[in-house]
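Working notes for the structure below.
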Amino acid sequence: MKKFYIWLVVAAATHAIALCAAVFFQIWNAGNIVKPKIVSVTLVSLPAPAGGTQELSDGEGDAEEIPVQVISPPTPSPSVEQKVQKPVVKEPQQKPPQLLSPKIVVEKAPASQPADNQLQKALERMKQLVDQKTPPPQPSSVSTLNSALDKLQQKVKSAGAGNGGGAGGRGVGGGGTSKSYKAAVASIIQQNWEFSGTLLKNSGGTAVYVRINILPDGTISQIIFDRRAVSEYLNNSVKKAIEKSSPLPPLPKEEGSRDVWIGFVFSPEGIER
Amino acid sequence: MLDPKIEVFGLVSDAGPVVLFVLSVLLSFSIVSWAIIAFKFSYLRKSLKESSVFLDYFFDVYNVEKVFTESERYKHGSLPKIFRSGYIEYQALDDKRNIRQAQTRIARAVKREANTENKNLSTLVPFLATVGNTAPFIGLFGTVWGIMTSFHTISLTQSASLAAVAPGISEALIATAAGLAAAIPAVIGYNYFTQQISIIERDIEEFSPEFVAALLNEP
């Protein structure tokens with residue numbers, strides 16, 4: 001039996017070595033983990049509907065209001081670029097007061113075809129402009145797209161501030177505040193958005209246009225689907241994400257005691273990453 | 001260093017006490033099983049080899065004195081041990097001319113040694129069968145318990161998303177994997193050793209009468 005105890009010790013040592021080897025292998029292999037295909041979902045905020053957005057912006061800084069705010073740039077597919085870039089550069093730079101026009105358009109989007117056309121034209125113009133100014137982002141480089149979009153937003157911001165100052169001297173602060181709040185809201189909603197693109201593969205996933213009404217204390221009081229996707233799964237996931245995000249952070253003090261409307265576009269992108 | 005959501009050992013570190021206990025039991029089962037496998041493999045291999053060499057010598061040399069001397073070189077072989085026990089009993093006979101009594105006593109000594117050898121050969125092997133049969137169930141128990149805990153957590157968090165469900169189930173399934181990892185070598189070893197032991201037992205059964213006859217016919 002003495003030999004058996006020797007073998008017992010050997011077996012224990014072998015197991016310990018095997019476990020250590022497995023741990024080291026995992027550490028060594030940590031960088032080579034092949035992640036499964038994931039769905040990169042684009043969450044883009046749209047200009048709020050006319051009433052709500054005006055509430056946000058009429059106090060100060062109409063010129064700085066950014067109609068479309070990129071919250072989380074997805075894999076840079078063409079459709080994403082369109083949605084992202086449309087109002088960010090072109091509209092604010094040339095005609096700051098018209099920045100609000102897309103908001104109205106978006107509100108009427110589900111009902112009117114011209115609004116869609118206008119939106120598409122704006123998107124095309126934005127895409128061309130960005131293609132000229134920035135190198136084409138790598139398909140998988142989300143950070144590159146992020147930085148490009150940030151630059152565009154800053155350009156719009158500065159242009160809007162200049163125009164606004166010239167026109168009426170209203171400050172940048174109002175628009176900046178609402179923008180940051182919208183960014184925070186969009187970030188929260190995106191974190192709560194659970195979505196699998198595999199279920200959407202055959203359903204021709206489209207964008208979902210949603211606007212939400214936020215009370216001063218941050219509670220989401222109303223969710224309106226301006227345009228639904230073909231996939232009910234996508235629609236439900238958006239609805240659940242918004243419901244789960246309530247209550248949001250309280251509205252900025254600059255907004256007073258009024259409730260605000262904020263619009264978003266939820267669009268699945270990069271399914272075949 | 002390890003992403004607890006991805007790496008197996010990260011999941012183990014997050015496991016509950018029951019799952020950890022199950023894993024530790026399975027680990028100890030695996031260690032003992034491998035020790036038995038290694039010990040028995042070397043023991044049976046030597047036994048078979050020495051028995052084979054001894055049989056060759058036994059049939060080549062008809063002098064039991066020389067055969068006995070040769071048998072003492074083989075410490076692990078079953079057949080040399082049995083022959084030695086018969087020879088010792090033969091040497092202890094008072095009246096070697098009483099064939100009937102001599103045959104009875106030598107046969108009894110040989111049979112006793114054969115039984116002892118069979119027991120030695122089979123020692124620890126049933127543990128492999130026990131591990132092979134029970135380890136998957138023990139692992140399954142850990143898995144069931146882990147999933148139960150996972151669902152309880154889900155009910156508390158009120159979230160049934162994949163992100164909430166998957167880690168718990170993944171963690172629980174480690175127990176089943178560990179059970180299978182312990183059971184599979186044990187079952188393979190058990191089947192192999194059973195077959196090897198049956199070969200040796202058959203040799204013992206077959207050659208024990210040969211030894212008795214050789215001793216009785218000693219001039």
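The values are calculated or read from the model by the stated rules, or taken from the named source; none is laboratory data. Note that the structure is predicted; figures quoted are calculated from it, not measured. Here the Cβ positions follow ideal geometry from the backbone for every residue, glycine too, while neighbour counts run over all protein chains shown. Note: areas computed on protein heavy atoms with side chains; ligands, DNA, RNA excluded. Shrake-Rupley method; radii C 1.70, N 1.55, O 1.52, S 1.80 Å.
Structural remarks
- At R0 = 56 Å, FRET efficiency that the Cβ-Cβ distance of A:ASN29 and B:PHE59 yields, to 0.05: 0.45
- Given a 1.4 Å probe and the protein chains as shown, B:LYS81 ends up with an accessible area of around 40 Å².
- Gyration tensor (alpha-carbon) shape descriptor, the stretch B:139-179, a/c threshold 1.5: oblate
- The accessible-area ordering, largest first, of the residues B:GLU89, A:GLU194, B:GLU205 stands as B:GLU205, A:GLU194, B:GLU89, per a 1.4 angstrom probe.
- Solvent-accessible surface (1.4 angstrom probe) belonging to B:THR143, in square angstrom, nearest 10: 10
- Annotation: per residue accessible area for chain B equals 54 Å², rounded to a whole number [probe 1.4 Å, protein chains only].
- Chains A and B together bury some 1600 Å² of accessible area, summed over both sides, with a 1.4 Å probe.
- Counting only protein heavy atoms and using a 1.4 Å probe, the accessible area of B:TRP34 comes to about 120 Å².
- Each of the peptides A:259-267, B:69-77, B:124-132 was scored by the mean count of other Cβ atoms within 10 Å over its residues; in descending order, highest first, they stand as A:259-267, B:124-132, B:69-77.
- Cross-link pairs exceeding 18 Å between alpha carbons, from the set B:LYS46/B:LYS75; B:LYS81/B:LYS119; B:LYS49/B:LYS111: B:LYS49/B:LYS111.
- For the pair B:VAL12 and B:ILE88 in one chain, pulling the backbone fully straight at 0.36 nm per residue adds 21.5 nm over the alpha carbon distance.
- FRET efficiency estimate (nearest 0.05) - Cβ-Cβ, A:GLU243 to B:PHE137, R0 35 angstrom: 0.20
- Packing-based order for A:8-21, A:231-244, using average beta carbon neighbours within 10 Å, highest first: A:231-244, A:8-21
- Taking the helices alone, chain B has a mean residue ellipticity at 222 nm of -30000 deg cm²/dmol, built from -39,500 (n - 2.57) per DSSP H run of at least 4 residues and averaged over all its residues.
- Partner shielding of A:185-195 amounts to 1, given as the average count of beta-carbon atoms from other chains within 10 Å of each residue beta-carbon.
- Other residues within the sphere of radius under 13 Å centred on the Cβ of B:GLU50, judged by their own Cβ, net out at +2 (K and R +1, D and E -1).
- With a cut-off of 18 Å on the backbone N, the residues of the stretch B:176-219 near the modelled label site 7 Å out from B:ARG97 along Cα-Cβ are B:216-219.
- Cα-based shape type of chain B, given that a ≥ b ≥ c are square roots of the gyration tensor eigenvalues and the cut on a/c is 1.5: prolate
- Computed FRET value (nearest 0.05) for B:ALA166 with B:THR123, which takes r as the C-beta separation and R₀ as 41 Å: 0.35
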